[in-house]
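Asker: Next up is a structure, given as structure tokens.
Rule-based calculations on the coordinates, nothing more; no lab input. Given the structure is predicted, the values throughout are model-derived calculations rather than measurements. Glycine also receives a Cβ, built like all others from the backbone with ideal geometry; neighbour counts cover every protein chain displayed.
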Amino acid sequence: MIKIVIKDLKLFFNDKGSMLMAFAVPIALITLFAFAYGGVGKGNKSNKIVLQVSDLDNTTESKEAIEQLDSLKSIQIKLKDLEDAENAIKTGEASSVLIIHKGFSDSLMAGNVLPLELKYDEAREIEIGLIQQSLIPTISMLPFRLKGSKNVIGKRLVKMTGTTDLQTQQSIQNQSDNLYDVIAKSIVESSQGNDKIKNPSSGFFGEDMKMTKIIKAEHSNRIGLVQAVAGTSVMMLLFSVVGIGLGLLDEKKEGTLKRLIYSPIKPGNILLGKMISANIMSILQLFIMFLFAWLAFGLKIGSQLPGMIITIVATSFACSAFGVFIASFAKKREQIQGLSILIILAMSAIGGSMMPLFFMPAFMQKLAAISVNYWSIQAFFDVFWRNLSVTDSVFLSRILILLLIGGILNTIAVVLFRKNILKLV
Amino acid sequence: MPNVSNIHTLNSIKKHSAENMIEVKNLKKSFGDREVLKGINFSIKKGELYGLLGPNGAGKTTTISILSSLLIADSGEVFIENLNLRTDTNAIKRITGVVPQEIALYNDLTALENLMFWGGIYNVPKQELSQKANELLQLFGLEDRKNDRIKNYSGGMKRRINIAAALLHKPKILFLDEPTVGIDPQSRNLIFEVIEKLHHERITIIYTTHYMEEAERLCDRIGIIDNGEIIAEGTLEELKKNSPVKEIISITFSGMNNDNYKKLRSFRSDIKLTENIVHFYTSDAKTELPKLVSFCNQAGLEFNNIEILKTNVETIFLNLTGKQLRD
Ligand SMILES: Nc1ncnc2c1ncn2[C@@H]1O[C@H](COP(=O)(O)OP(=O)(O)OP(=O)(O)O)[C@@H](O)[C@H]1O
Ligand SMILES: [Mg+2]
């Protein structure tokens, strides 16, 4: 079997076309995307960013506040349990959660600092930036927007001045009530559906939103670079492993598979040999891609080396399984070649190889989970961007899923191989 | 001390294995509802070179594919060196070399790399393998091209490597499925010489072909296969002796057209026409010839030349099946 592997690798390196596809093309693409993603986040207005909201207060006021946020054009609100929301951030499904803590209503009425908190994945600074831009003005104007909070401003001003004189307090209260009417009216008039409200008191309640990082990221790498390397490598890897898989069909066509069956080699080992050579090829290819990103773009690997190795191995396993899986579906190369290119491009598109996931609408982000690309790219993000440790359960769950995908695809491939390919006639 | 009966059994086993290296019994195979092999029987002695001669689609490759475990027969039995093909598949595979009808090599590897690979999968030790590979390259006259990729080889050179690839593990038995299809005379002769050498080394060989000259030149015994059945079997002499056709009267006519041909067919139906030459198959040319000449004269058919030829495998085949070996 080892002989089959060596022969396959020899054949691969002898074939200039697949060498080009495996190394030169992805390197060119990584370069291209790395520059392209340099400008990530500058001009995307069209898509709504999903903001998870956990309402722990659950009062009329908190609900009203959520309604206010929901009216923002750039943000789509998703109400969630806090735990679910935090998990979603950890798995990369969402970037952040706005928590309305218990006592929101009381604090609002009492004119105290509002117990709001934005927990977020620091790795996704671009999205968080966008969310902040939209949220802060709205939050700072909340007291003006909520019904029945007319005297809140006054109360707060009273607290801020710290006066104990009842008359002064009353006078502040009265004046602020008048002010409230004017501002609230102007807000309603000027900001129907407009995020960029005139902000008469910028920062006034702005500090009410506490920012909490959920995942401590050191920002060792630029997100665009990680996206470019991981996205491109995985996509191009799929192309080359499908090439190796299709080699099985070539062996059938060329008659060499026949010769292999004449020999005392177990037919199962013929497939196993292919799987192993696809794996070796994959690991090699990914290493070279990341090596290139390190040399050319300064991708920081450092302490992330173990995570990178684990992810590369798991990705290789899943992808090479995909390669033989695709091949074992057909009796001839021609039957599957075109389709396989289509499948790879589709998986790459939805899985985030071509475009960062958060640019995509929510349902597409969900759909991403059906692609190998998604799990692999997310795992690379865990390693190079979220700086998760290799024992982190989120990271491990992704690795597990990759291994699972590989296992399942390999199993199906074995069954189909016997049915479609071994039957030479 | 073995007693007499023991010696007897021992001898009979020895005798059996010495006599029949390959035994094929009532082999049947259908693809869908098409019966391609209809009960093939033959046995081959050790060191014998057995020819399976038959036209396209006769079932030669199907037979070889079953013998080399690529296909499984629907029924029937195969014994090779007294091993049952169904149960001792791997043991049989180890002592068998198969040269498939098509070139089955890695085009992007060199000849030497191919040989090293194909020998390697039979677990031939590296040193021995390398020696054997070079020996075969020399034998097939390709030593100076051994580091060229197969894809740059000519058809005849590919055919040579295709055969060499089956010899690296020094098989006791060799199946050659039409190994000389579409090659130049030089390569063909070289291949014949190698096969004769292997035959000389007492390797048991099955050689399929639809060239009667090949069967006549190489084979100890010939099985004529048609439509999934062996319709005649024996040495060339036996086949000739048993054939009702002993001689061929070959007449070259000065003009041949459909009408004239029809007239001739009314005299004898088993005739063969090539351009102006008509072959009449006969068991006794001396008595047949005068009748034929007088028929031609009466029918007004002019001829330039008459020859009496000896039969060959092709005429035997034609006589048996009413078909040509080749179209
Ligand atoms: N896989 C298959 N499915 C259906 N029919 C088949 C298959 N393989 C062979 N046949 C048919 O079986 C018959 C015998 O084929 P086979 O290849 O054994 O003939 P052959 O004697 O080797 O002919 P040739 O001289 O052309 O190589 C042919 O009619 C062929 O069409
Ligand atoms: Mg054939």
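Asker: I'd like to know how the stretch B:204-258 sits against the 2.2 N^0.38 Å rule of thumb: what's its Cα Rg over that expected value?
Answerer: Compared with the compact-globule rule of thumb, the stretch B:204-258 sits at 1.50.
Asker: Is there a pair in A:K48/A:K366; A:K266/A:K419; A:K90/A:K213; B:K286/B:K310; A:K10/B:K93; A:K119/A:K155 whose C-alpha atoms are over 19 Å apart, and which pairs would that be? Walk me through the numbers on the way to the answer.
Answerer: Values: A:K48/A:K366 15 Å; A:K266/A:K419 15 Å; A:K90/A:K213 11 Å; B:K286/B:K310 13 Å; A:K10/B:K93 26 Å; A:K119/A:K155 28 Å.
The pairs that break the limit, which is 19 Å between Cα atoms, are A:K10/B:K93; A:K119/A:K155.
Asker: Which is farthest toward the positive dipole end of the protein assembly as shown among A:L305, A:L367, B:L112, measuring Cα position about the Cα centre, with Cβ charges +1 (Lys, Arg) and -1 (Asp, Glu)?
Answerer: Result: B:L112.
Asker: What per residue convex hull volume, in Å³, do the alpha-carbon atoms of the stretch A:249-345 yield? Mind dumping the intermediate values first?
Answerer: On the way: hull volume 12.1 nm³, N = 97.
For the stretch A:249-345, the hull spanned by Cα atoms encloses 125 Å³ per residue.
Asker: Same structure again: What pairs in A:K331/B:K126; A:K7/B:K46; A:K253/B:K29 have C-alpha atoms more than 26 Å from each other? Mind showing how you got there, number by number?
Answerer: Values: A:K331/B:K126 35 Å; A:K7/B:K46 35 Å; A:K253/B:K29 23 Å.
Long pairs (Cα-Cα over 26 Å): A:K331/B:K126; A:K7/B:K46.
Asker: Could you sort the peptides B:208-217, A:229-238, A:59-68 by per-residue average Cβ neighbour count (10 Å cutoff), highest mean leading?
Answerer: Peptide ranking by packing, descending: A:229-238, B:208-217, A:59-68.
Asker: In debye, nearest 20, what is the charge dipole magnitude of the stretch B:159-213 about its Cα centre with +1 on Lys and Arg Cβ and -1 on Asp and Glu Cβ, if you could check? Mind dumping the intermediate values first?
Answerer: Numbers: 7 positive and 7 negative charges, 55 e Å.
Computed about the Cα centre, the dipole is about 260 debye.
Asker: For chain B, take the convex hull of the Cα atoms, compute a quarter of its surface area, and give me that in nm², please.
Answerer: Working: hull surface 91.0 nm².
Projected over every direction and averaged, the Cα hull of chain B covers 22.7 nm².
Asker: Putting +1 on Lys and Arg Cβ atoms and -1 on Asp and Glu Cβ atoms, find which of B:Y211, B:L167, B:I95 reaches farthest to the positive end of the dipole of chain B.
Answerer: B:I95
Asker: Mind giving me the FRET efficiency for A:Q335 and A:I370? R0 is 22 Å, r the Cβ-Cβ distance, nearest 0.05 is fine. Please list the in-between numbers first.
Answerer: Values: r = 23 Å, r/R0 = 1.04.
FRET efficiency, A:Q335 to A:I370: 0.45.
Asker: Within a 10 angstrom radius of the beta carbon, how do B:W118, A:W375 rank from fewest other beta carbons to most? Walk me through the numbers on the way to the answer.
Answerer: Values: B:W118 30, A:W375 27.
By the 10 Å Cβ count, ascending: A:W375, B:W118.
Asker: In addition: Work out the length of the dipole vector of chain B about its Cα centre, built from +1 on the beta-carbon of each Lys and Arg and -1 on the beta-carbon of each Asp and Glu, and round it to the nearest 20 debye. Please list the in-between numbers first.
Answerer: Working: 42 positive and 42 negative charges, 90 e Å.
My answer is approximately 440 debye.
Asker: Taking the Cβ of B:N107 as the centre, find all other residues whose Cβ is under 13 Å away and add up their charges (Lys, Arg: +1; Asp, Glu: -1). Before the final figure, lay out each step's value.
Answerer: Details: positive: A:K7, A:K10, A:K253, B:R149, B:K151, B:K158; negative: A:D15, A:D250, A:E251, A:E254, B:E102, B:D108, B:E113, B:D148.
Once positives and negatives cancel, what remains is -2.
Asker: For the charge dipole of the protein assembly as shown, defined by +1 on Lys and Arg C-beta atoms and -1 on Asp and Glu C-beta atoms about the Cα centroid, which residue among A:I341, B:S243, A:S353 has the Cα displaced farthest towards the positive pole?
Answerer: After comparing all options, I get B:S243.
Asker: Once R0 is set to 30 Å, what does the formula 1/(1 + (r/R0)^6) return for the Cβ-Cβ distance between B:E35 and A:N269, expressed as a FRET efficiency to the nearest 0.05? Please list the in-between numbers first.
Answerer: On the way: r = 34 Å, r/R0 = 1.13.
The pair B:E35/A:N269 has a calculated efficiency of 0.35.
Asker: Here's a follow-up. Can you give the average number of partner chain beta-carbon atoms within 10 Å of each beta-carbon in peptide B:119-127, as a whole number?
Answerer: Values: counts 2, 6, 13, 4, 4, 0, 0, 0, 0.
Counting other chains' Cβ atoms within 10 Å and averaging over B:119-127 gives 3.
Asker: What length, rounded to one decimal in nm, is gained on full extension from A:E67 through to A:A110, with 0.36 nm per residue of separation minus their alpha-carbon distance?
Answerer: Values: separation 43, 0.36 × 43 = 15.48 nm, distance 2.13 nm.
This chain segment gains 13.4 nm when fully extended.
Asker: One quarter of the convex hull surface, Cα atoms only: what value does that give for the stretch B:82-127 in nm²? Working shown, then result.
Answerer: Working: hull surface 17.8 nm².
Projected area, direction-averaged: 4.4 nm².
Asker: Moving to a separate point now. What does the structure give for B:69-77 when I average, per residue, the other chain Cβ atoms found within 10 Å of the residue Cβ?
Answerer: Numbers: counts 4, 8, 3, 0, 0, 0, 0, 0, 0.
Per residue, the average neighbour count from other chains is 2.
Asker: If you wrap a convex hull around the Cα atoms of the protein assembly as shown, how much volume per residue is inside, in Å³?
Answerer: Details: hull volume 194.5 nm³, N = 752.
Considering the Cα atoms of the protein assembly as shown, their hull volume per residue is 259 Å³.
Asker: Run down the aspartates and glutamates and flag those whose C-alpha is under 20 Å from the C-alpha of A:K159, throwing out any fewer than 8 positions away in its chain.
Answerer: Within the straight-line limit of under 20 Å, A:K159 reaches these aspartates and glutamates: A:D106, A:D177, A:E207, A:D208.
Asker: Let me know the mean shielding of B:104-114 by other chains, meaning the per-residue number of their Cβ atoms within 10 Å of its Cβ.
Answerer: On the way: counts 9, 4, 10, 5, 6, 4, 2, 0, 0, 5, 2.
Taking the mean over all residues of the peptide, I get 4.
Asker: Go ahead and run the numbers for FRET between B:E135 and B:K272, Cβ-Cβ distance against an R0 of 41 Å, rounding to 0.05.
Answerer: Details: r = 45 Å, r/R0 = 1.10.
With a Förster radius of 41 Å, E is 0.35.
Asker: Once both labels are modelled 7 Å past Cα along the beta-carbon direction, what's the B:N242-B:N297 spacing in nm?
Answerer: Distance between the two pseudo-spin positions: 4.0 nm.
Asker: Further question on the same structure: To the nearest 20 debye, what is the magnitude of the charge dipole of the stretch A:310-425 about its Cα centre, counting +1 on the Cβ of each Lys and Arg and -1 on the Cβ of each Asp and Glu? Show your work: numbers first, answer last.
Answerer: Working: 9 positive and 3 negative charges, 109 e Å.
That gives a dipole near 520 debye.
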